[in-house]
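Worksheet: the structure to be examined is printed underneath.
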Amino acid sequence: QVQLVESGGELVQPGGSLRLSCAASGSIFSVADIGWYRQVPGKEREWIATIEDSGGTNYADSVKGRFAISRDNARNTAYLQMNSLRPEDTAGYYCKMTWYAQTYWGLGTQVTVSS
């Protein structure tokens, strides 16, 4: 059974940086697409970045130039490097793994950007 575990979220000041991790169990990580999403209570979950199995990346306009998604297939782990953080980046951050019709979600990690 595939499981995803996010980590790295914490309280950070505006302008600061964080790196989130998404560790996956199972054997399909290297052939799956990985996405990062975020959600604020009362709002829909928002897509922010994807890295394909080929290494190709895409970003939402709201994070382009500030966030970077990467992956380490040897460690079954994906990362989200977040720089120049803003209060509006405060949210629960979730990773999603997609392989053909199969989709898996982690339970999320909280990022709070506040002074």
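Within the stretch 1-95, list the trypsin sites (Lys or Arg not before Pro) lying in a DSSP loop whose Cβ has at most 16 other Cβ atoms in a 10 Å radius. Could you put the intermediate results ahead of the total?
Working: sites: Arg19, Arg38, Lys43, Arg45, Lys64, Arg66, Arg71, Arg75; in loops: Lys43, Arg45, Lys64, Arg66.
For trypsin sites (Lys or Arg not before Pro) across the stretch 1-95 that sit outside H, G, I, E and B with at most 16 neighbouring Cβ atoms in 10 Å, the list reads Lys43, Arg45, Lys64, Arg66.
Restricting the count to DSSP beta bridges whose residues both fall in the chain, what percent are antiparallel, rounded to a multiple of 5?
95
Would you mind checking the stretch 65-79 for residues with the amide N under 13 Å from a putative spin-label position 7 Å along Cα→C-beta of Ser30?
Only 72-77 fall inside the zone, counting backbone N under 13 Å.
Keeping every protein chain present and rolling a 1.4 Å probe, give me the accessible area per residue for the chain in Å².
53
Looking only at Cα atoms, what is the convex hull volume of the chain per residue, in Å³? Show your work: numbers first, answer last.
Working: hull volume 11.0 nm³, N = 115.
Spelled out: Cα convex hull of the chain, divided by residues, is 96 Å³.
Net charge near Leu107: determine it from the other residues with C-beta under 14 Å of the C-beta of Leu107, scoring Lys and Arg +1 and Asp and Glu -1. Working shown, then result.
Values: positive: Arg38, Arg45, Lys96; negative: Glu6.
With Lys, Arg at +1 and Asp, Glu at -1, the net is +2.
State the Cα centre-to-centre distance between the stretch 9-34 and the stretch 37-97 in whole Å.
That distance is 8 Å.
Counting other Cβ atoms within 10 Å, which chymotrypsin sites (Phe, Trp or Tyr not before Pro) in the stretch 39-115 have at most 12 and lie in a DSSP loop? List each step's numbers first, then the result.
On the way: sites: Trp47, Tyr59, Phe67, Tyr79, Tyr93, Tyr94, Trp99, Tyr100, Tyr104, Trp105; in loops: Tyr100.
Hits after loop and neighbour filter: Tyr100.
I'd like the carbon and sulfur percentage of the solvent accessible area for the stretch 50-89, probe radius 1.4 Å, heavy atoms only, ligands and nucleic acids excluded.
Summing carbon and sulfur atoms, their accessible area is 39 percent of the total for the stretch 50-89.
Work out, step by step, the length gained on full extension between Asp61 and Ser115: first 0.36 nm times the residue separation, then minus their alpha carbon distance; give nm to one decimal.
17.0 nm
Expressed in nm to one decimal, what extension gain is obtained for the pair Ser84 and Ser17 from 0.36 nm per residue of sequence separation less their Cα-Cα distance?
Extra length available between Ser84 and Ser17 comes to 23.5 nm.
The values are calculated or read from the model by the stated rules, or taken from the named source; none is laboratory data. In this text, all values refer to a predicted model and were calculated from it rather than measured experimentally. No Cβ is skipped: glycine too gets one built from the backbone with ideal geometry, and neighbour counts run over all protein chains shown. Just so you know, the surface numbers come from the protein's heavy atoms only, side chains and all, with ligands and any DNA or RNA stripped out. Shrake-Rupley method; radii C 1.70, N 1.55, O 1.52, S 1.80 Å.
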